[in-house]
1. Being among the charged types (D, E, K, R), modelled with pLDDT of 95 or more and away from ligand 2 (no atom under 14 Å from the Cβ), is that true of even one residue in segment 162-173?
2. Return yes when Leu194 is of a type outside the set (Lys, Arg) and either surrounded by 24 or more Cβ atoms within 10 Å (Cβ to Cβ) or within 16 Å of ligand 1 (Cβ to nearest atom) (or both) and no when it is not.
3. Filter segment 236-262 for residues that are more than 16 Å from ligand 1 (Cβ to nearest atom) and either open to solvent by 60 Å² or more (accessible area, probe 1.4 Å) or not in a helix (DSSP H, G or I) (or both) and give the result.
4. Only one of these conditions is not met by Pro131: (1) outside any loop (DSSP other than H, G, I, E, B); (2) within 16 Å of ligand 1 (Cβ to nearest atom); (3) open to solvent by less than 20 Å² (accessible area, probe 1.4 Å). Which number is it?
5. Is it the case that segment 178-185 has a residue that's in contact with a helix residue (DSSP H, G or I) (Cβ under 9 Å, 6 or more places away or on another chain), more than 16 Å from ligand 1 (Cβ to nearest atom) and over 19 Å from Gly269 (Cβ atoms)?
6. Tell me whether segment 110-127 contains one or more residues that are within 16 Å of ligand 1 (Cβ to nearest atom) and either of a type in the set (Gly, Ala, Ser) or open to solvent by 60 Å² or more (accessible area, probe 1.4 Å) (or both).
7. For segment 276-311, how many residues meet the condition of being surrounded by fewer than 16 Cβ atoms within 10 Å (Cβ to Cβ) and part of a loop (DSSP other than H, G, I, E, B)?
8. Ala58 fails exactly one of the following numbered conditions: (1) in contact with a helix residue (DSSP H, G or I) (Cβ under 6 Å, 6 or more places away or on another chain); (2) farther than 19 Å from Met155 by Cα; (3) open to solvent by less than 10 Å² (accessible area, probe 1.4 Å). What is the number of that condition?
Amino acid sequence: MNQIKKKAIILDGDPGHDDAIAFVLAAAFKDYLDIKAITACGGNQTLAKTTLNYRKIATLLGLTNIPIAAGREKPLQADLVIAPNYHGESGLDGPKLPDPEVELSELSAVELMANVLRESDEKVTIVATGPQTNVASLLLAHPELKDKIEAISIMGGGLEHGNWTSTAEFNIIVDPESADIEFRSGVPVIMAGLDVTEKAYILPSEWDVLRGDNEVADIVAQWCDFFYIHLKELGWPGALMHDPCSIMVLVHPEIFVSKDLYVQIDTKGEFTRGATVPDYHGLLGQKPNCKCLLDVDRELFVKYLIEACQSFRKDA
Ligand code: RIB
Ligand code: CA
């Protein structure tokens with residue numbers, strides 16, 4: 001049987017419960033994804049907290065050989081906005097995690113990302129599940145490396161609505177200037193926006209099967225417990241797996257429905273700053289810059305997510 005060619009990825013995010021589950025998913029998909037580096041950004045919590053969280057999750061997963069670097073403290077222009085109402089004071093409230101056994105790289109996120117791109121024999125996919133600050137900073141500092149990026153698979157935006165304002169999703173509105181640089185860069189974007197991530201929810205009865213299954217699965221269940229506290233108050237049926245969509249689409253694209261569109265980022269709107277604005281009918285005469293995920297087979301999504309968590313059993 002011919003060997004599956006693994007996809008080299010860089011994981012950038014702001015853990016964050018759903019970022020953390022995205023990391024677990026990427027680690028579980030080790031036959032398909034090769035995590036070359038991890039870079040933290042501010043977003044759900046401050047940079048110091050998201051960076052520490054990545055180091056703890058890597059320790060939990062036994063991935064202490066992957067370099068982890070801290071990105072910029074704040075967005076390119078805006079002030080940092082954080083989301084403790086969803087993720088708590090630590091950014092990853094809930095279960096106790098192991099003390100970090102992986103040191104922080106001495107490199108900045110941009111330097112680490114640039115090194116990975118420069119040294120890779122193949123193109124690298126960047127998975128960005130927080131504000132797009134580090135990715136934009138990389139594109140600004142190293143335009144010569146753009147051709148080494150296969151695609152940028154993001155969680156961000158919403159073609160039809162927002163969740164931080166009525167028109168803007170959190171990751172984009174925290175740093176619209178960075179998202180604008182990214183969407184104009186010419187590097188293909190895969191956008192898991194709210195259009196799909198609000199359909200990719202996992203029910204309490206579904207994540208219950210993870211309790212006690214193995215150390216990682218049990219912690220994922222507790223992360224879902226915490227993450228669902230605020231989401232339940234808002235009336236959602238389950239925990240929204242926003243960030244895991246950006247990983248799942250790389251391994252199981254067949255469970256998603258997508259459309260290639262030209263998408264612009266509003267950076268100036270008085271009421272619409274941070275909106276991801278699609279040109280549905282090609283009126284602007286621009287080539288699509290973004291594969292927009294619009295729908296997902298939720299049952300299959302949950303099946304693959306559960307199986308991924310169960311794969312951390314000692315006897316797996
Ligand atoms: O709007 C959802 C996004 O904002 C997710 O990436 C979540 O982790 C937060 O960063
Ligand atoms: Ca995130």
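1. Checking segment 162-173: not a single residue is among the charged types (D, E, K, R), modelled with pLDDT of 95 or more and away from ligand 2 (no atom under 14 Å from the Cβ).
2. The answer is yes for Leu194.
3. Pro237, His252, Pro253, Glu254, Phe256, Val257, Ser258, Lys259, Asp260, Leu261, Tyr262
4. Single failed check for Pro131: (1).
5. Looking only at segment 178-185, we keep the residues that are in contact with a helix residue (DSSP H, G or I) (Cβ under 9 Å, 6 or more places away or on another chain), and these are 178-182, 185.
Going one step further and asking which of them are more than 16 Å from ligand 1 (Cβ to nearest atom), we end up with 180-181, 185.
Checking which are over 19 Å from Gly269 (Cβ atoms) leaves us with 185.
Among the residues of segment 178-185, at least one is in contact with a helix residue (DSSP H, G or I) (Cβ under 9 Å, 6 or more places away or on another chain), more than 16 Å from ligand 1 (Cβ to nearest atom) and over 19 Å from Gly269 (Cβ atoms), which makes the answer yes.
6. No - not one qualifying residue is present in segment 110-127.
7. Residues meeting the conditions: 9.
8. (1)
The values are calculated or read from the model by the stated rules, or taken from the named source; none is laboratory data. What you see is a predicted model, and the numbers here were worked out from it, not measured in a lab. Cβ: placed from backbone, ideal geometry, glycine included. Neighbour counts: every protein chain shown. Accessible surface areas use protein heavy atoms only, side chains included; no ligands, DNA or RNA. Shrake-Rupley method; radii C 1.70, N 1.55, O 1.52, S 1.80 Å.
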